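Presented below is the structure to which this report refers.
Throughout, read-outs are computed from the coordinates displayed, never taken from laboratory work. Just so it is clear, the model here is predicted, and its values are computed rather than measured. Cβ coordinates were reconstructed from backbone atoms using ideal geometry, including for glycine residues, and neighbour counts include every protein chain displayed.
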Amino acid sequence: MESFSFYQWLKTQTERKDVIGDFAHTMSQFEEPKATRKKANGHMIWATWLVDKNASPAVIEAFNLAWHEYQRKVKPA
């Protein structure tokens, strides 16, 4: 199992024809979100960033689907 950050993994998902692919394509147009708190984990960093950007419930759902798949398939960096 390779080690990728969530952002790196997302960038490999942009050609998918599903909601994760749509989310990956959109997120690939932004820089990787950075922690705003010292003890933030990866999921919290992304969730906070999406909320700060006023992401729709559909985008939040796509993020959660992508995050769960990432956790199942990839060893986090």
Excluding near-sequence neighbours (fewer than 8 apart on one chain), region 3-76 holds lysine pairs with C-alpha atoms under 27 Å apart numbering 18
Cα pairs beyond 18 Å in region 3-76, in percent, come to 33
Lys/Arg +1, Asp/Glu -1 at C-beta; the chain dipole; positive extreme among S56, H25, H43 | H43
